[in-house]
């Protein structure tokens, strides 16, 4: 794959339809707004965000506090390795477990979170159904 406009935080795909973030340590949260016109969500590269229906300010479904420093509000999925007795989140936050591989792909209508932690690779794709 040809990387376009590569920088310390990631790169665009060759066709410009996706941006891959290669580190959770960006200067500010890097968000993706995903919507079907009625239900919407905002998700950052760390997995924080919130959802709403209709008006984002008046009809929030999940709690939200826009903190551009902590970027830690949201709903999270957790993964547990019972053999090693360790756990982490499917997104970088809130656990912030050390990883062997990390990538977040923000595309039009979806975000994909990919992590390799020890021997377990996880991939979480968020989207809003039409």
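The numbers here are math on the coordinates, done by the rules we state, and not lab data. None of these values were measured; they are calculated from a predicted model. Positions of Cβ are backbone-derived with ideal geometry, glycine not excepted, and every protein chain shown enters the neighbour counts.
Distance between the 7 Å Cα→Cβ label points at residue 99 and residue 72: 1.8 nm. Against the empirical curve 2.2 N^0.38 Å, the C-alpha radius of gyration of region 4-127 lands at a ratio of 1.08.
Computing FRET efficiency as 1/(1 + (r/R0)^6) for residue 1 and residue 118, where r is the C-beta to C-beta distance and R0 is 35 Å, gives about 0.85. Within the chain, DSSP assigns beta bridges of which about 100% are antiparallel (rounded to the nearest 5). For region 4-127, averaging the sequence separation of C-alpha pairs within contact (under 8 Å, six or more residues apart) and dividing by the residue count gives a relative contact order of 20 percent. Each of 99, 78, 92 was scored by other Cβ atoms within 10 Å of its Cβ. Arranged with the fewest first, they read 78, 99, 92.
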